[in-house]
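Step one of this worksheet: look at the structure below.
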Amino acid sequence: MAPADQQPQPSATTPLLSIRNIAKSFGKTSVLRDISLDVAAGEFLTILGESGSGKTTLLRIIAGFESADFGEVWMAGERLDTMPPYKRRVNTVFQHYALFPHLTVFENVAYGLQIAGRAKSEIEQRVTEALARVKMSSFAAARPANISGGQQQRVALARALINQPKLLLLDEPLSALDANLRRQMQIELKSMQREVGISFVFVTHDQDEAMVMSDRIALLRMGQLEQVATPREIYRYPATAYAAQFIGHTNLLRAEVKSGLARSHSLSWSTSLPDGPALFSLRPEDIRPASGAASAVSFRGRVKQRVFHGATELLQVESGDLLLTIRIAGKEQTAGELQLEFFTQDAVLVRESAVRT
């Protein structure tokens, strides 16, 4: 049996990071409320939320730049929130990369090792390896002002990874990049995370970014977790109306269930739900031109507006007093009255919200 003062070591099934009942307020404003969340070893977890949701505050508590009012943070069997930031095996990449402008790329990456008093030969080897990993070897002698935003991000990543953290925190590091470079860096960052095998906790307000990069998404709203799930699960099976609307487009159908039939305005479909009010999420791509399938819910609608999205178009369709959003292939020619359908299993039951106000 281990001594009483020795913390148990994590097993293969123990999460690398465990956030337990974290709460934080600034004055009278509650920023985080009872947040509990685990991050597995090697996982890419995204904390997603709109401005003011508390996502950056949670990241800063993990890093040690803020202290929680209540709760604990554990990592690899050790209590993390009682340690000063410099003792935590955690590194952070910020939105503004904070590279030293007077140092070369090589010197920026080497800085942490030099401060730690590492041998010159070790520094040389580790910096060379780190720059090769982020494909910046040929820019070792350049200064930050002479490289692009995407290249600066890679240097910031190399600087963070060279100290061999167990966990890397990233606070919206792609937000300053243009759209094309941002998409490219999303793929590269995910690939790099897989290569180095380190857990990433990534903060963003961008739903598409979260969907592309994450193993799981933790959706925050007003300081509370709305849903934690894989990108596919949170999109196909949102737990709440807020999750359904925040992740992509959806149609929220408020229905009344009676005797096995759900009615929402002019639409009705069979259900096994008990009698009473119910709320459903129906994705735009799940409404399609009618094929005559016997099991489908069929209805007529009139196209009111079209929004071109390249390969697809979003249509606003009026059916009685109900306005629906429909996604179709951009090459389809649709106008006027349409016969449409959806399948009952695509209307997903959701709750109003997980947030208590």
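Taking segment 257-357 as the region of interest, the strands (runs of 3 or more DSSP E) fully inside it that hold 3 or more residues being out of contact with any Gly (no Cβ under 7 Å at 6 or more places or on another chain) and of a type outside the set (Ser, Thr, Tyr) are 261-264, 276-282, 296-309, 312-319, 322-329, 337-343. As a summary of the residue check, Gly301 satisfies the conditions (1) in contact with a Leu (Cβ under 7 Å, 6 or more places away or on another chain); (2) within 28 Å of Gln227 (Cβ to Cβ); (3) surrounded by 14 or more Cβ atoms within 10 Å (Cβ to Cβ) except for the one numbered (2). Working carefully through the options Ala243, Ala179, Ala239, find the one that is modelled with pLDDT of 90 or more and out of contact with any helix residue (DSSP H, G or I) (no Cβ under 9 Å at 6 or more places or on another chain). Criteria check complete, one pass: Ala239.
In segment 140-154 there is at least one residue matching the filter, namely being in the same structural domain as Thr57 (by TED's automatic domain parsing) and in contact with a His (Cβ under 8 Å, 6 or more places away or on another chain). The single condition from (1) modelled with pLDDT of 85 or more; (2) under 20 Å from the mean Cα position of the chain (by Cα) that Ala160 fails is (2).
Given the condition of a type in the set (Val, Ile, Thr) and within 30 Å of Val90 (Cα to Cα), answer yes or no: does some residue in segment 249-271 qualify?
No, there is no match, as no residue in segment 249-271 is of a type in the set (Val, Ile, Thr) and within 30 Å of Val90 (Cα to Cα).
All of (1) within 31 Å of the chain's Cα centre (by Cα); (2) assigned to a helix (DSSP H, G or I); (3) surrounded by 13 or more Cβ atoms within 10 Å (Cβ to Cβ) hold for Thr128 with one exception: (1).
Contact annotation: no residue pair with Cβ atoms under 7 Å, 6 or more positions apart or on different chains, pairs a residue in segment 22-37 that is surrounded by fewer than 14 Cβ atoms within 10 Å (Cβ to Cβ) with a partner that is among the aromatic types (Phe, Trp, Tyr). Residues in segment 192-213 that are more than 20 Å from Ala63 (Cα to Cα) and crowded, with 23+ Cβ neighbours inside 10 Å: Ala210, Met213. Total residues in segment 132-150 satisfying the condition of being part of a helix (DSSP H, G or I) and more than 23 Å from the chain's Cα centre (by Cα): the figure is 8.
Take Leu189 and decide whether it is in the same structural domain as Ile22 (by TED's automatic domain parsing) and either modelled with pLDDT under 95 or crowded, with 19+ Cβ neighbours inside 10 Å (or both). Considered against the rule, which asks whether it is in the same structural domain as Ile22 (by TED's automatic domain parsing) and either modelled with pLDDT under 95 or crowded, with 19+ Cβ neighbours inside 10 Å (or both), Leu189 comes out as yes.
The values are calculated or read from the model by the stated rules, or taken from the named source; none is laboratory data. Owing to the predicted nature of the structure, the values given are computational and were not obtained by experimental measurement. Here the Cβ is made from the backbone with ideal geometry for all residues, glycine too, and neighbour counts use every protein chain on show.
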